[in-house]
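The values are calculated or read from the model by the stated rules, or taken from the named source; none is laboratory data. In this text the structure is predicted, and so the values were computed from the model without any measurement. All Cβ positions, even for glycine, are placed from backbone atoms using ideal geometry, and neighbour counts span all protein chains on display.
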């Protein structure tokens with residue numbers, strides 16, 4: 001992230017990458033929104049890590065803030081997405097040893113981390129979902 005954005009209290013948008021499990025909330029502290037795209041499925045595979053990372057992000061959000069996570073669900077149930085989602089799930093499992101959570105497992109992870117409400121929105125990519133978790 002550009003240091004000038006972090007130093008400017010009037011900045012309304014900042015981009016960056018950070019491992020909040022290691023370093024804490026850092027630049028996301030006080031954010032109204034945090035967006036994570038197709039990176040969280042590795043993190044939520046382990047319950048302890050999921051609780052740590054999601055809980056840290058929840059605590060870092062400003063009151064009324066939200067975490068938006070675009071990611072894959074395993075074996076999506078809709079007929080039009082089932083074939084691709086099944087292949088995508090198998091690829092992650094067999095070749096990367098990664099368990100893709102089901103839609104319900106994602107919702108359970110957000111609830112366990114203390115988010116008050118999580119909405120799920122299909123995003124037009126087979127097996128893809130946007131989870132919007134409110135603080």
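Things worth noting here:
- Screening residue 64 with (1) in contact with a strand residue (DSSP E or B) (Cβ under 9 Å, 6 or more places away or on another chain); (2) farther than 18 Å from residue 28 by Cβ gives one miss only, at (2).
- 1 or more residues over 21 Å from residue 104 (Cα atoms), under 15 Å from the mean Cα position of the chain (by Cα) and modelled with pLDDT of 90 or more: qualifying helices (runs of 4 or more DSSP H) within the stretch 1-84: 47-60
Yes/no matrix, rows are residues, columns are (1) farther than 18 Å from residue 134 by Cβ; (2) in contact (Cβ under 8 Å) with a residue 40 or more places away in the chain; (3) exposed (fewer than 15 other Cβ atoms within 10 Å of the Cβ):
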residue	(1), (2), (3)
34	no, no, no
39	yes, no, yes
43	yes, no, no
58	no, yes, no
63	no, yes, yes
73	yes, yes, no
76	yes, yes, no
90	yes, no, yes
94	yes, no, yes
